[in-house]
Structure formats: structure tokens, C-alpha cells
Amino acid sequence: MLNKESQFVRQLFMSLSFVLAGAGLVWGFVTIQGGNWINTGLRFFTSAGAGLSFSWKLDGLTVFFLFILLLGQGFSSLYSIGYLKEYEEKKKSLWPFYANWFLFLGSMFGVLLADDGFSFLFTWEMMSLFSFFLVLYENEDRQNRNSAYIYLVMTHVGTVFLTAATLFLYTKTGSFAFEVWAGAAPTLTAIQLNLLFIAFFIGLGTKAGFVPFHIWLPYAHSAAPSPVSSLMSGVMVNVALYLFLRLVWLTLGPGPIWWGWLFLLVGALSAIVGILSASVQSDLKKLLAYSTIENVGILGMALGSALLARSWNNVWAMDLALVAFFWHTLQHMLFKSSLFMGAGNIIQATHTRNLDRLGGLLKRMPKTGLGALIGILGITALPPLGGFWGELILFQSLWMNTLNLTNGWGKVILPLAIGVLALVGGLAMATFVKWFGISFLGQARSQMAERAKEVHPVQYITPFLVSSLAVLSVLWPAATLGLINLPLSVLRTGESLGIESVIGKPLIMSSIYLIILCLLTVVVVILSKRGVRRVTATWNCGGPLTSSMQYTATGLTKPIRILFSKVLGSQRNVERDFAGTRYSLRSLRYEGRIKEVYEDIFYRPSIRGLLWLASQIRKLQEGSIHLYLGYLLITVIVVLIVGR
């Protein structure tokens, strides 16, 4: 029996978060109308003291990402009204969740509005800490604690590089203001500029989830409550990508051409590694986490194409890449939020994340299944939904960049990037066919799946609302493109083609495609109502059909695992018992494992090296007062020599 007071508090706090998000969206819409400050920005608060300053600025680039944040906040908060009910039934206090939820949201607002290095670092660290506490919320499980600590360590590794870059720019300019940094960037040497770029790339790329800094995502998302996963995957990684535009594109300015190549190649690597790793997962949420890495990789490719086009003065390709980036950012937030909510519903209904223990859920949870299906159509970039158009525009940008070249390796690398994008799209379809088919179709593979039933109404209504907004963004492309034009007006420099001339009429045609899709859906529904009566049972060599005869999550994508075994580090062990003969098989035991390549090759050896170094340094502390006096004497001598 739920405590009425705790139930009221839950509904109050999550409803307040939802209402604040809605109020923010309305305020933003009213403020933008007729405003001429989008290009230059609006500095609305500045405070200074003790040589430090907090300054906040709003421009078109910030507005776009605030829109993403407010949408993610609103939908995740609405979903949480039903999702958090289970914790009340378990008598788990929700106060830590409420506090960290609002502080996490506030810190992301702070990062987006920050206009100086000190404000940025302060709010960035708050965002990292409060998201860590949310990941750690279900701390009763030791595995969840380990996952949260991995996330904390990785995010602070990135913070070290960001702090170093910020302090270097401060020493060079005497100011933390982004505007002052941008003015001083042309005076920096090529080496200084490149080192700053590398520091920003590692620091922000770690939070975004670029390979090889991606290892925290599958750990954090599998441990965090589903509303938190939705917010981190749909919003937080986009905050890191926003800072690439703010600190690299706008602050450091046009740099060497290899910056664009690095974004393109790392983005392609992240996309292919992310979707390959997702395709062989049997964990509902880990699969979605790796899919996030894939989509971050696609966004990285878009940034790379834009940087290359800017270096080559190819305005058309640059605008296409930027439109693709912002379009895909919006669509990924919507569809991935919907899928994490669907995964949360499945986990609460069955108490398992293992795909091989699910099955047959479409009969038992039809509303959750339908919402998940719409999300899958979007995340796999199938027309006519929004995921398709973002990748199509990126294809066009890469091709326009290819046509702009006359010779060189770029003529080879850019078409290969197009091929990678196509391969990623095909693998994404195979991956999510597995995710949906193993979960919702066929027979139940366990008693938990057999007993599953639909969750709290708000938990399946919210994904429908998210999907409806995603469909509306394509049915009403003028509004979506108007929103995208806000950041473009800030990022464009010099000549611009205008968003309408860049994309032409393909998006307008999407309305026709959607109408055709709706008509086909109606026809399929009508035809299905006619029904076909089964005369006899399905043939199975005389035996009854059982759930064990279905494809497993591992078996369905086995061809992918075999084909890409070197990339995935796929390993298997088969034990056969032939009962004394070579022809009569009594039992068979199969065990497969996907090696954590980046952890085994880079991270674990690095950790062992650090532990060894620490053990050697400990030998300096022998507990001898004479040894310590010797250290002091050596230090004094070195200081005297250096100080001369």
C-alpha cells in the first residue's frame, strides 16, 4: 500500500519539473518572436568578484539546445510520475532523486548559458557530479556502484583536459570570457592552437561518448533509472556537442584542415563501433547505450563535414552539414528518449533486462510495444520519419565535399565515409529488429515475461507524445527548419545560401510520404481484420512448439558477430558430449563472449601501469626521519640552483 503523502510528493515534484519545462518553452517562443538579438546574443546577467566572473549569454545556438533540454526535461519528468512509483512500493526514499534531478537540470542550464570559462567549468563539474549521483541512485546493487564509479572517473579525466585548456587561455588573455578568447585565438601559435583543440576534443569527447572515450556509456545507462538514461542520452551528450560548437567553432575559429578530418574519422569509428557493439548485446539498456554512441558518431561526422567545408570555402556543403547536425540532434533526442522509456516499461513489467528472458510482450503490453515500434522506425532512419532526413542531408553534404575536391586522399576518404554511413544504417536496422522482435514477438521465454502486464498509463502515454512530436516535426518542416535556423544564424560567417535553398523541397515532400504511409497502414489494418482461421497446428515434426525453438538474441545477430569478429573481439567456447561415440550427441554447451576491446587494450593496461607506479612511489615513504631530512636537503639545493 502506497503512502499517500509520498505519492503526493512524487506527483508534485515531477509535475513541477514538467510545468517548468513547458513554461520555459512558452517563454522562449514568446521571447524569440520579433527578437533581433539572436545573432549577437543577449547578455542578461553578469557578476564578478575576487577576480572571477559569472556571465550568462543567450543567443540562437543556446536557444536551440535549451529547446532540446526543455523537451527532454518535460518528457522525462512526465514519464517519471509513473516510473518512480515502483521505488515507493519498495520503500526507497525518493528525496535524493528529487534533489539530484533538479540540480542536474539546473547545471545543464548553467553549462548552456555560460559565457566564460569559470562559469562553464563550475556548472560542468556540477553536471558531472549530480548525474553521477543519479546513476548511483540504485546503489544497493554492487554492479551499479561500480558502473557509477567508472562514469565518475571517466568524466573527471575529461574535466582535467578542459581545466588545462581553460587555465591556459586565461594565462594568455587574463580573462575567462569566451569573447576575449575568440579575439586572442588568431594570435596563438599553430602548436598552441592545436594543443587547445586536442584538449577540448578529449575533454568534451569523453562526455559526448566518442570512441575510444565511450566506455562509461553502457555502464552508466544500464545502472541509471530509465528517466535518467533518457535525459543523459537525449540531452547531456548533446550539451557536450554544443560546447564543440561554442569553444571550437566560434572561439578557436577556423583551424587546420586536420581538425575536420579528425572529427570525420573519429565520428565514423564511433558510429561503426557503437552499432556493431549494440548489435551483439543481450541487455536492453546496454544496446540503447551503444546506439547512443553510434548516433554521437553520426553527429561527429556531420561536424567533421562542416569543418572540412569551411576550410574549403564550400558554403553549400557546410550549411548542409550543419542542418544535418541540428536535425539529427533533435530527432535522436526524441526517438532515443522514447526507446529508453519503452525499455523502462519492459524492465518494470518483467524485472529483467536480458532479451533472452523476454518474448511475446506485444500481446501483454501492446501500448508499450507500439510506442517502441515508432521509436525504432525513427532511430533506424527509415523514411518518412525524421531520422531518415537528417542522414540523407549528411549524405548530400559529404558528396558535395567530394565533388569540391580535384585530387588527393580526400577523394577516397569521403566516399568511404559515405559507405560507413550506409553500413551503419543497415546494421542499425538489424540491431533494432532484434531489440523489438526478441522482446515483443514470439512466445514468452520466461515466467516473468509470461506474467507481464501494461504499466502505469503515463508511462506509455509519454512515449506516444514524444513520437507524435517527432512525426509533427516532419509534417510541419517549416517550424523545425525555423528552429534550426536559430543556431545557423550564429554559426554562419560571410556568405550564406539560406536554409530553404540548401535543402530544397525534399522535406516538404515528407508530408506526402506520411500521408501515403498512413493510407497504407489503414489498408493493412482493414485487411488484417478479415482474419485467417488456423486449421491445424504449425508443423514441428510431430512435437509441440516451445519457446526454446525461437531465435535467441545471440543467435539472431550471429552472422554479424562472425563477420566482424576481429572488430568485436568475439570469442566462443563449445563443449560437446558424444556419449562415447562420435555420432550420438548427448549434450552441447555453448558459451559466447564479446571482448571489451578498448578496455582490454588501453584502459586496463593503463590502470595496471598507474597502480605499479603508485606502488613504486610509496617506497619513498619509509617512515625514516633521516630519509625525510635528506629529501628536504635535496629540495633546498635544487631550489637554490634553479633560483640563481
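Cβ-Cβ distance below 7 Å, separation of 6 or more or different chains: which pairs start in region 300-314 with a residue that is outside the structural domain of HIS214 (by TED's automatic domain parsing) and end on one that is among the β-branched types (Val, Ile, Thr)?
GLY300/VAL266; LEU308/ILE257; SER311/ILE257
How about region 233-283: which of its residues are β-branched (Val, Ile, Thr) and in a helix (DSSP H, G or I)? So that I can check it myself, show each step before the final result.
Just the residues of region 233-283 that are β-branched (Val, Ile, Thr), to begin with: 235, 237, 239, 248, 251, 257, 266, 272-273, 275, 280.
Across region 233-283, the qualifying residues are VAL235, VAL237, VAL239, VAL248, THR251, ILE257, VAL266, ILE272, VAL273, ILE275.
Return yes or no: is HIS332 surrounded by fewer than 24 Cβ atoms within 10 Å (Cβ to Cβ) and either at pLDDT 95 or above or closer than 17 Å to LEU394 by Cβ (or both)? Outline the logic, then answer.
Details: surrounded by fewer than 24 Cβ atoms within 10 Å (Cβ to Cβ): no; either at pLDDT 95 or above or closer than 17 Å to LEU394 by Cβ (or both): yes.
It is false that HIS332 is surrounded by fewer than 24 Cβ atoms within 10 Å (Cβ to Cβ) and either at pLDDT 95 or above or closer than 17 Å to LEU394 by Cβ (or both).
From the set of residues in region 110-129 that are crowded, with 20+ Cβ neighbours inside 10 Å and among the aromatic types (Phe, Trp, Tyr), which is farthest from GLU179 (Cα to Cα)?
It comes out as TRP124.
Within the bounds of region 606-617, is there any residue that is loosely packed, with under 10 Cβ neighbours inside 10 Å, free of Cβ contacts under 8 Å to residues at least 12 places away in the same chain and over 30 Å from TRP216 (Cβ atoms)?
Taking every residue of region 606-617 in turn, none turns out to be loosely packed, with under 10 Cβ neighbours inside 10 Å, free of Cβ contacts under 8 Å to residues at least 12 places away in the same chain and over 30 Å from TRP216 (Cβ atoms).
Which of the numbered conditions does ASN314 fail, given that it passes all the others? Conditions: (1) under 24 Å from VAL490 (Cβ atoms); (2) crowded, with 24+ Cβ neighbours inside 10 Å.
For ASN314, the failing item is (2).
Take LEU264 and tell me if it is of a type in the set (A, V, I, L, M, F, W, C), modelled with pLDDT of 90 or more and closer than 30 Å to THR554 by Cα.
In short, no.
Given the structure, is VAL424 part of a helix (DSSP H, G or I), at pLDDT 90 or above and in the same structural domain as TYR290 (by TED's automatic domain parsing)? Working first, answer last.
On the way: part of a helix (DSSP H, G or I): yes; at pLDDT 90 or above: yes; in the same structural domain as TYR290 (by TED's automatic domain parsing): yes.
Yes: the conditions hold for VAL424.
Could you list all residues from region 453-500 that are in a loop (DSSP other than H, G, I, E, B), at pLDDT 85 or above and not aliphatic (A, V, I, L, M)? Even if it seems obvious, please write down each step before you answer.
From region 453-500, those in a loop (DSSP other than H, G, I, E, B) are 453-456, 476, 492-498; that's our starting set.
So of that shortlist, the ones also at pLDDT 85 or above come out as 453-456.
Selection gives LYS453, GLU454, HIS456.
In region 338-347, how many residues are surrounded by fewer than 21 Cβ atoms within 10 Å (Cβ to Cβ) and not aliphatic (A, V, I, L, M)? First the steps, then the outcome.
Narrowing region 338-347 to residues surrounded by fewer than 21 Cβ atoms within 10 Å (Cβ to Cβ): 347.
From the residues that got through so far, the ones that are not aliphatic (A, V, I, L, M) too are none.
Number of matching residues: 0.
Are any of the residues in region 444-452 part of a helix (DSSP H, G or I), of a type in the set (D, E, K, R) and buried (at least 21 other Cβ atoms within 10 Å of the Cβ)? Give the steps one after another, and end with the answer.
From region 444-452, those part of a helix (DSSP H, G or I) are 447-450; that's our starting set.
Going one step further and asking which of them are of a type in the set (D, E, K, R), we end up with 450.
Adding the requirement that they be buried (at least 21 other Cβ atoms within 10 Å of the Cβ) leaves none.
For region 444-452, residues part of a helix (DSSP H, G or I), of a type in the set (D, E, K, R) and buried (at least 21 other Cβ atoms within 10 Å of the Cβ): absent.
Would it be correct to say that VAL636 is at pLDDT 80 or above and more than 30 Å from ASP356 (Cα to Cα)? Give the derivation first.
Values: at pLDDT 80 or above: yes; more than 30 Å from ASP356 (Cα to Cα): yes.
It is true that VAL636 is at pLDDT 80 or above and more than 30 Å from ASP356 (Cα to Cα).
Run down LEU423, LEU382, LEU427, LEU398 and say which single residue is among the aliphatic types (A, V, I, L, M) and without any contact (Cβ under 8 Å) to a residue 60 or more places away in the chain. So that I can check it myself, show each step before the final result.
Details: LEU423 fails: without any contact (Cβ under 8 Å) to a residue 60 or more places away in the chain; LEU427 fails: without any contact (Cβ under 8 Å) to a residue 60 or more places away in the chain; LEU398 fails: without any contact (Cβ under 8 Å) to a residue 60 or more places away in the chain.
Of the residues listed, the single one that is among the aliphatic types (A, V, I, L, M) and without any contact (Cβ under 8 Å) to a residue 60 or more places away in the chain is LEU382.
Please work out which residue is surrounded by the most Cβ atoms within 10 Å (Cβ to Cβ), limiting yourself to region 348-375 and to residues that are over 17 Å from GLY442 (Cα atoms) and β-branched (Val, Ile, Thr).
By that ranking, first place goes to ILE374.
Among the residues of region 93-104, what is the count of those that are within 17 Å of LYS4 (Cβ to Cβ) and surrounded by 14 or more Cβ atoms within 10 Å (Cβ to Cβ)?
1
Give region 125-155 a look and list any residue that's over 17 Å from the mean Cα position of the chain (by Cα) and under 22 Å from GLN73 (Cβ atoms), or say none.
If the condition is that a residue be over 17 Å from the mean Cα position of the chain (by Cα) and under 22 Å from GLN73 (Cβ atoms), then GLU125, MET126, LEU129, PHE130, PHE133, LEU136, TYR137, GLU138 are the ones that fit.
Out of the residues in region 204-226 that are within 15 Å of ASP283 (Cα to Cα) and under 12 Å from the mean Cα position of the chain (by Cα), state the one that is modelled with the lowest pLDDT. Spell out the reasoning first.
Filtering region 204-226 for residues within 15 Å of ASP283 (Cα to Cα) gives 217-226.
Still in the running and under 12 Å from the mean Cα position of the chain (by Cα): 217-218, 220-221.
Values: LEU217: 90, PRO218: 90, ALA220: 91, HIS221: 87.
Within region 204-226, the match that is modelled with the lowest pLDDT is HIS221.
Within region 138-161, which residues are hydroxyl-bearing (Ser, Thr, Tyr) and within 22 Å of PHE109 (Cα to Cα)? Show your work before the answer.
First, pick out the residues of region 138-161 that are hydroxyl-bearing (Ser, Thr, Tyr): 147, 149, 151, 155, 159.
Answer for region 138-161, where residues must be hydroxyl-bearing (Ser, Thr, Tyr) and within 22 Å of PHE109 (Cα to Cα): TYR151, THR155, THR159.
The values are calculated or read from the model by the stated rules, or taken from the named source; none is laboratory data. In this text the structure is predicted, and so the values were computed from the model without any measurement. Please note: Cβ atoms are built from the backbone with ideal geometry, for glycine as well, and neighbour counts cover all protein chains shown.
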